[in-house]
Amino acid sequence: MSKPIIGVIGLGYVGLPLARLFATKYKVVGFDIKNTRVQELNKGVDLTLEVNDELLREVLVDEFDIEKGLLVTSDSSLLKECNYYIVTVPTSVDKNNQPILKPLLSASKTIAENLNFGDIVIYESTVYPGATEEDCVPVLEEVSGLVYNRDFYVGYSPERISPGDKVRTVENILKVTSGSNEETALKVDELYKSVLKQGTHLASSIKVAEASKIIENCQRDINIAFVNELAKIFNLMDIDTNEVLEAAGTKWNFLPFKPGLVGGHCIGVDPFYLAQKAQQYGYYPEIILSGRRLNDSMGAHVASEVIKLMIDGEVKIKKANVLILGFTFKENCPDVRNTKVIDVYHSLNSYGVEVDVFDPLAKADDVRNEYGIDLMNEIKDKTFDAVVLAVSHNYFKSINIQDLKKEGAVVYDVKNFLSDKDKTL
């Protein structure tokens, strides 16, 4: 195969950083179905904040007969030039926590319409073991008319993007790679090695690579569920959970997980993919699903703890004003998908309090369209009966919490982020 020409399908939190990185060395077509996203990126602006605008502009090009660079487009016909395709579309679940593969299968169809003999398709989207070959490959074959592992080949290299993390960026992490046969696996591995500073781990099969990704997030979900359960227990015993974790953390092999709200499009979703696949094999995954249930209960738990503190402080609950600081699923990141702060919001509302939300990173239109909530534009000159720090954005370090409190107001710090003088507990 000639020098790689790479098509990246999906330019979100995963796809754009990857496309930008590959574009420093190769020709890259960045494809996204959202015209607004394409227009934004072609202006050299990334509203997800994952890629520095200056770095993005350094690789942007508006034509394709060059040695390297990133051509951003919503015209799928330009993918015809590529010989490697990398799929980075989101995978989510429906209201019954069943996997939604439609974006993945749609991306596969788009690629298949442009697929040529000898091309390699690499999937990065998180899936259950077997999805690449059992669900995606049939679409590639049917639409393209080509035969798997004879006319085209497939790889899997699970994404390892940590939104908002400016240290563990894509070039600074080790990535798992795999391929549909030995030769393809080596080609996929070499492609990623060529741009990654930390190198790669070549898995023995696509299924192993798929499974490795999904258990990364399951493991985190279960461990956070454990400390969330500890927090509930120690709260009943009037013991400070953070002090307990600090003391236990002095042992060399204690894992430093913290209690909190577990949302987002990875940890809060991916365990359901493995659980669904396990049940197809007749196995009910008790630990995975119980961890999910416990973590999904934390929004209501936080709200009830805030209300108890208000009652203890003799704050009138009905029509009380409560401020939630932060709405995104994670600190220092504008992504509001599957945020569990919404559970805190609805639970507080159910007690009859009036809730305002302030998050300088979240996009107001996204919050309004997805959750029906209008974010506050600013919080000065207003005080509250309770303040809930839900997301530990660095921005909140500059806020004087005391200026937001009415007399006797409660401050509840979900993330153990505030100074001790600001917190009620």
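Let's see how each residue does on (1) crowded, with 18+ Cβ neighbours inside 10 Å; (2) more than 30 Å from A300 (Cβ to Cβ); (3) touching a residue at least 12 places away in the same chain (Cβ under 8 Å); (4) of a type in the set (D, E, K, R):
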site	(1), (2), (3), (4)
S194	no, yes, yes, no
H201	no, yes, yes, no
S205	no, yes, yes, no
S212	no, yes, yes, no
N217	yes, no, yes, no
E229	no, no, yes, yes
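Would you mind finding the one in L11, L49, L21 that is part of a helix (DSSP H, G or I) and surrounded by 16 or more Cβ atoms within 10 Å (Cβ to Cβ)?
Residue meeting the stated conditions: L21.
How many residues, within the range 86-129, are charged (D, E, K, R), in a loop (DSSP other than H, G, I, E, B) and in contact with a Leu (Cβ under 9 Å, 6 or more places away or on another chain)?
Summing the residues that are charged (D, E, K, R), in a loop (DSSP other than H, G, I, E, B) and in contact with a Leu (Cβ under 9 Å, 6 or more places away or on another chain) in the range 86-129 gives 3.
Looking at the range 161-176, which of its residues are in contact with a Leu (Cβ under 9 Å, 6 or more places away or on another chain), surrounded by 14 or more Cβ atoms within 10 Å (Cβ to Cβ), free of Cβ contacts under 8 Å to residues at least 40 places away in the same chain and in a loop (DSSP other than H, G, I, E, B)?
I173
Take the residues in the range 177-192 that are open to solvent by 30 Å² or more (accessible area, probe 1.4 Å) and part of a helix (DSSP H, G or I); name whichever of them is farthest from R150 (Cα to Cα).
Of everything passing the filter in the range 177-192, E190 is farthest from R150 (Cα to Cα).
How about the range 279-324: which of its residues are outside any loop (DSSP other than H, G, I, E, B), among the small types (G, A, S) and open to solvent by less than 20 Å² (accessible area, probe 1.4 Å)?
Hits for the range 279-324 are G291, G299, A303.
Of the residues in the range 362-402, how many are in contact with a helix residue (DSSP H, G or I) (Cβ under 7 Å, 6 or more places away or on another chain) and either free of Cβ contacts under 8 Å to residues at least 24 places away in the same chain or crowded, with 17+ Cβ neighbours inside 10 Å (or both)?
Residues meeting the conditions: 13.
So which of E331, E314 is in contact (Cβ under 8 Å) with a residue 60 or more places away in the chain, touching a Lys or Arg at 6+ places or on another chain (Cβ under 9 Å) and of a type in the set (D, E, K, R)?
Testing whether each residue is in contact (Cβ under 8 Å) with a residue 60 or more places away in the chain, touching a Lys or Arg at 6+ places or on another chain (Cβ under 9 Å) and of a type in the set (D, E, K, R) leaves just E331.
Which condition does V29 not pass, out of (1) open to solvent by less than 10 Å² (accessible area, probe 1.4 Å); (2) part of a loop (DSSP other than H, G, I, E, B), if it passes all the others?
So V29 meets the others, but not (2).
I need the full set of residues from the range 119-150 which are under 21 Å from L186 (Cβ atoms), within 27 Å of the chain's Cα centre (by Cα) and either open to solvent by 10 Å² or more (accessible area, probe 1.4 Å) or touching a residue at least 60 places away in the same chain (Cβ under 8 Å) (or both), in order please.
I120, I122, E124, T132, E133
The values are calculated or read from the model by the stated rules, or taken from the named source; none is laboratory data. Just so it is clear, the model here is predicted, and its values are computed rather than measured. All Cβ positions, even for glycine, are placed from backbone atoms using ideal geometry, and neighbour counts span all protein chains on display. Protein only, heavy atoms only, side chains kept; ligands, DNA and RNA dropped before computing areas. Shrake-Rupley method; radii C 1.70, N 1.55, O 1.52, S 1.80 Å.
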